[in-house]
Amino acid sequence: MTMEATIKNYKLEDWSRRWVDRETAFHVAGVNHILQNFFDQVRGDTVFVPLCGKTLDMLWLAQQNCTVVGVDGVETPVQEFFAENNLDYSVRQLNDDVKIYKAKNVDITIFICDLFASKPELFGMQFDLIWDRGSFVAINVDERAKYTCLLSNLLAPEGKWFLVTVDYDDKILGEPPRTVSEEDMRQFAPLNFTKVYSDLTKAYNPKVEEMIENAYVIIK
Ligand SMILES: C[S@@+](CC[C@H](N)C(=O)[O-])C[C@H]1O[C@@H](n2cnc3c(N)ncnc32)[C@H](O)[C@@H]1O
């Protein structure tokens, strides 16, 4: 019989602990295949990567000539991103709440701050593409409406929000990634969305037997 865990609301310090304890199986060693396969349909010059961690997708997007802006509330993965990819960078403390890492030879800027405490103006632009893998599924369910509002403000009028979700029994883990059903999509992504991909995927936690990965293109 499967034990059900209580679904715990996460704070930034929980993410910080996970990075310290290396509970980071969500980080994958390569570039996301859904991004690569659908990039021609969603491509844009400017890309926002919310809750970016140290995803290699940012490097790949920069190699496609995109201006890439990421945000993460924990500094460890960002330091690791630049170190592990041998990227020269500068660091600027903007104010008490925001630090900015900027690569010198590729067009990648990462803001260290709590996404929910940030204003869209912080990033200085609206984006043609939002690449959302491991972000919507990472936030607490009671933050979804705020998140959707924040991201739609960051999306350029003709922009595309490319969202990857997972659908599984998340009570087994009681922690992110959180499941996102079609009903959740109707409720929390009240923009126009089209499902472009759905397939079984390998769950990165051995307690989970089956997980479906879905991808949606959302427009304003
Ligand atoms: C599941 S990981 C996904 C990382 C990346 N998108 C990937 O696919 O590998 C979620 C990331 O969001 C960050 N995070 C969680 N809540 C945040 C918040 N409120 N503001 C900024 N970053 C946050 C965590 O530190 C973590 O690196």
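Using the Cβ atoms and a cut-off under 9 Å, what net charge is assigned to the surroundings of V217, where Lys and Arg are +1 and Asp and Glu are -1? Around V217, the charge tally is +2. Computed from the alpha carbon positions, the gyration tensor of region 114-192 leads to an equivalent ellipsoid with semi-axes of 23, 14, 10 Å, biggest first. Highest mean first, the peptides 10-19, 210-219 sorted by other C-beta atoms within 10 Å per residue fall in the order 210-219, 10-19. Straight-line cross-link partners of K54 among the lysines, defined as a Cα under 25 Å from its Cα and at least 8 positions apart when in the same chain: K8, K11, K99, K102, K104, K119, K146, K160, K202, K207.
Taking the Cα centre of each part, how many Å lie between region 13-76 and region 79-156? Cα centres, region 13-76 to region 79-156: 10 Å. In this structure, the amide hydrogen of V196, modeled 1.01 Å from its nitrogen in the peptide plane, lies closer than 5 angstrom to those of A215, Y216, V217, counting only residues at least 5 positions away or on a different chain. Size descriptors for region 37-219, from the alpha-carbon set: Rg then Dmax equal 16.1, 44 Å.
For the chain, the antiparallel share of DSSP beta bridges with both residues in that region comes to about 60%.
To the nearest 0.05, how large is the calculated FRET efficiency for K119 and Q93 if R₀ is 25 Å and r is the Cβ-Cβ distance? Efficiency, from the Cβ-Cβ distance: 0.90. For region 78-93, 3J(HN,Hα) computed residue by residue from phi via the Karplus equation (6.51, -1.76, 1.60; θ = phi - 60°) reads 6, 4, 5, 4, 6, 5, 5, 9, 6, 9, 6, 8, 10, 10, 9, 8 Hz, glycine and proline entered as x. One equal scatterer on each Cα of region 1-112, no solvent, Debye formula: the resulting log10 I(q)/I(0) at q = 0.17, 0.24 Å⁻¹ is -0.87, -1.43.
Quick note: the coordinates plus some simple rules give every number you see, no bench work behind them. Everything numeric in this text was worked out from a predicted model, so none of it was measured. A quick note on method: Cβ atoms are made from the backbone with ideal geometry, for glycine too, and the neighbour counts reach across all protein chains shown.
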